[in-house]
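Single-structure report; data block below.
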Amino acid sequence: MKKAVLSCLFLFMGFALSAETISLEEARVLALANSRSLAKYNLNLRNSELDERSQLYTMLPSLSARYSVGMDYMNRDWGFVNPIDTLSAGATVSITQVIFQGGKSVIRKAISGIATESVRNDAMAEYFNVLDSVDNAYYSALEAAASLEAAESSLQSAILSLSMAEIRQANGMLNQSDYMRALADKESRESSRNQARRSLSLSLSRLNTLLGLNQAPELSQIDFSAYEGVIQRLAGISDEEAGALYSRLWDTIARANPSLVRAALSRERAEYNYTLAKRDYVPTISATIFSTGLNWSIANGFSTSTSGGISISGNIPLDFWVLSNTLEKSKIAYDSAMMDYVSAEISMETELYSSLINTIAQAESVLSSRRTLEYVEKNFEYVMERYRLSQASVSEYVDSSSLLITNRNNYIRSSYGFLQSISKLRSLAVMDDEDMLIRLLMGN
């Protein structure tokens, strides 16, 4: 978080000096620094660390000091006296140490440590949740911008088609039906362009909210060539290779994924609470190992008293029915935590399988939509040339243009969908470095 804040400060200074474009890495830094939920988790982590320290302090010797001031206004013979003459004061300092609790202090210390580690994993989960959110928002904004560019290009083609249709209609070479088809196509493309503008504005608004910016910056484009190798690898992966890849990803997730770690910590904490409930049957023993006092009165002046002996005090619980009830409740909580852990494992396995299959499908979609787009672009160029030579009808031109914009949008969606699936896998595997995930997906 400190690195994120420092980087964020330098980034804001850059924005103040010039209207630079913002990269994905810079957007991540801004989102992390602007996340109130992540900041709250960090506060909770600090609070849990203080609780753990407090539990440690209970295992240390207890220092205590007592003082008293008194006056008498009546003696033993029921006669009144001057209160000033009986003024006295005293103070005592003592050190007390619990010497036996049946191991309860150690268990409580372990429970506090588990609570701190659980909060730390909550913060880690939120950290990757913020990264995943800003990645999706950034990719969605770029996808919306690419869709708007495609819609603008499609609109310009429709305008050109309509202008040619108007000329042909004026010369009697085009009937009214074909002319109305060209006019309707132009209006439809303009409506799609306007909708693409709204989508881009909404996407940028969501991104600005995550980044904490008032004005939308220009976004750096993604270098898709850097992902070409992993796209080719995943699109052609065999079932055996996919199974091996799943196993490697699961090994990584099982060690570090916050959801699984939290479930394991909850199980461990329930086990400690169950053990602690058993120790309630054990008596506690404490000892005062040092005590010193200072007294003063008007009649006798100052006097001191020091003791170095050990006074033993203990507590033996006898309400066994209450202890038995508490123990049974702790056992039920432990069994429940065990089932929660198994459920968390099953849920995470399902999520990993779904994410990996989706990533492979997106890689296949990128290649297939790219090949289809190449064919459709060549077909559109061919139909466009024939349309200019009056050898193709308006319907043929509109159909080829619609096919082009549809497949262009399919390619845009599959490309950014693949990036979003990579971001999801990175969050599941708890990897800051995306290159590390790419190398794992490549089998390196």
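The values are calculated or read from the model by the stated rules, or taken from the named source; none is laboratory data. None of the values given here were measured: they were computed from a predicted structure. Cβ placement follows ideal geometry from the backbone for every residue including glycine, while neighbour counts extend to all protein chains displayed.
Scan segment 355-369 and give yes if some residue there is charged (D, E, K, R), touching a residue at least 40 places away in the same chain (Cβ under 8 Å) and surrounded by 12 or more Cβ atoms within 10 Å (Cβ to Cβ), otherwise no. Yes, there is a match, as at least one residue in segment 355-369 is charged (D, E, K, R), touching a residue at least 40 places away in the same chain (Cβ under 8 Å) and surrounded by 12 or more Cβ atoms within 10 Å (Cβ to Cβ). Checked against the criterion of being under 27 Å from the mean Cα position of the chain (by Cα) and either at pLDDT 95 or above or on the phi < 0 side of the Ramachandran plot (or both), segment 363-386 contains one or more residues that satisfy it.
Residues in segment 85-141 that are part of a strand (DSSP E or B) and either modelled with pLDDT under 65 or among the aromatic types (Phe, Trp, Tyr) (or both): Gln97, Val98, Ile99, Phe100. Between Ser201, Ser191, the distinction of being exposed (fewer than 13 other Cβ atoms within 10 Å of the Cβ), of a type in the set (Ser, Thr, Tyr) and at pLDDT 90 or above belongs to Ser191 only. Within the bounds of segment 404-413, is there any residue that is among the charged types (D, E, K, R), assigned to a helix (DSSP H, G or I), buried (at least 19 other Cβ atoms within 10 Å of the Cβ) and over 31 Å from the mean Cα position of the chain (by Cα)? Within segment 404-413 (the criterion being among the charged types (D, E, K, R), assigned to a helix (DSSP H, G or I), buried (at least 19 other Cβ atoms within 10 Å of the Cβ) and over 31 Å from the mean Cα position of the chain (by Cα)), the answer is yes, since at least one residue qualifies. Suppose the filter is closer than 30 Å to Leu425 by Cα and over 22 Å from the mean Cα position of the chain (by Cα); does Ala144 pass it? Against the criterion (closer than 30 Å to Leu425 by Cα and over 22 Å from the mean Cα position of the chain (by Cα)), Ala144 qualifies.
Look through segment 121-135, keep the residues that are more than 16 Å from Gly212 (Cα to Cα) and of a type outside the set (Gly, Ala, Ser), and return whichever of them is farthest from the chain's Cα centre (by Cα).
Pass one, segment 121-135, residues more than 16 Å from Gly212 (Cα to Cα): 121-129, 132.
Applying the additional criterion that residues be of a type outside the set (Gly, Ala, Ser) yields 121-122, 124, 126-129, 132.
Details: Asn121: 10, Asp122: 8, Met124: 6, Glu126: 2, Tyr127: 4, Phe128: 4, Asn129: 3, Asp132: 8 Å.
Per the criteria, the residue is Asn121.
Among residues of segment 309-346 being β-branched (Val, Ile, Thr) and modelled with pLDDT of 75 or more, the one that is nearest to Thr275 (Cα to Cα) is Ile332. Considering the conditions (1) surrounded by fewer than 19 Cβ atoms within 10 Å (Cβ to Cβ); (2) in a helix (DSSP H, G or I); (3) at pLDDT below 95, Leu425 is excluded by exactly one of them, (1).
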